[in-house]
Amino acid sequence: MKAKTFAATAFGLCVASGAVAQPIAASYPVPTLDRWMYPFGGQPGKEFAIPIFGAIEIPGFDDRDGQGLFGFTTSAEVPAGLPITRYRVVSAKLTLTVAVDNQFQYDPTFDSFRTVLQHADPLYLADADAGKPVEVFGVGYRNGWTAQSFQETSVFGGAPIVPPSEGARNCFSAIFDANGVATDVSRQVRQRFDVTPIATGTIANLAPGAWVPVGTKVVFDLNVCEPTAQAYLRKNLADGQVRLMVSSLFPAQGGPDGGSGAYSAYYTRESPLANGNTAKLDLVVVVSNGADFNNDGFVNGDDYDLFASYFDQANPLADYNGDCFVNGDDYDAFAEAFE
């Protein structure tokens, strides 16, 4: 069996006209909703900026304290309501614009939770570079809320809010297991586990450790090759909307140095200073007809032959399971769908 990795741009080069589903390229320059998920936000969903910071091991606060919820309605460009196996996310990119000037240092690399522990903690690990990464996660819900019911102005969390209660927010930065079950990562420091985000923010033409100017674009290229991230995005597209949560362990309070004001913030669609620089989502998606590989409305030997030919060529369109490899797993998945 052949195995081959590939870049998303390969899809634009390998499509035989009229043969298989064409990729859908969609851009959303303004979010449907953007919300500062912070227990003391005075105007939920109406803020002009979303500060992203942590309250490290501060009783009554989540470690990832100030989070940012961004949502985009996708159903006009990508048909909703299909089985999630019909979607394949080729690429997904979130872009945010910095709303504060020289207030945080650029860090594009992974930092363990151990780097924000107190120096006296046996698990403390010195950070090898300045700053803390800004990260994108999926969105989890509790207290009966869902992606359909939770909106910009929905209540932040369950009682009590004042004084705040840890782990009470109604939607949160989450990682997902193979069954789609969400784990809240908001208290990862006190619960002592590291997490892998869907994306880490990067900045073009800026050196790591540099202070970040206002107006800077921070780009998050989502790791669509990671199976649970791909599954999360597929489910979102089936629901007709993509929701992402941005958070960080920038220690506004707590941490080895007691906290500081060195954390990032981003323009919202409500900001009069944004000048069009609101959160933006760019997607490339393939919507397939399942085993009807040639999209002629029938499932028959022509589909099997066409898939096999693409597979033998290690063509990216034979990546049936969307893991960014063309290998036997794709052949098995297609054969199961065909049968």
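The values are calculated or read from the model by the stated rules, or taken from the named source; none is laboratory data. For clarity, every value in this text was computed on a predicted model and none was experimentally measured. Ideal geometry is used to build each Cβ from the backbone, glycine not excepted, and the neighbour counts take in all protein chains shown.
Annotations for the structure displayed:
- Hits in segment 97-125 (condition: within 16 Å of Asp194 (Cβ to Cβ) and in a loop (DSSP other than H, G, I, E, B)): Asp107, Thr109, Phe110, Asp111, Ser112, Leu117, Asp121, Leu123, Tyr124, Leu125
- Where Asp296 falls short, out of the listed (1) surrounded by fewer than 15 Cβ atoms within 10 Å (Cβ to Cβ); (2) in contact (Cβ under 8 Å) with a residue 12 or more places away in the chain: (2)
- Every residue from segment 162-189 that is part of a loop (DSSP other than H, G, I, E, B) and under 17 Å from Arg64 (Cβ atoms): Pro164, Ser165, Glu166, Gly167, Ala168, Asn170, Val185, Ser186, Arg187
- Out of Pro208, Pro197, Pro213, one residue alone is at pLDDT 95 or above and within 12 Å of the chain's Cα centre (by Cα). It is Pro197.
- Inclusion of Asn143 among residues that are more than 25 Å from Ser75 (Cα to Cα) and in contact with a strand residue (DSSP E or B) (Cβ under 9 Å, 6 or more places away or on another chain) is warranted.
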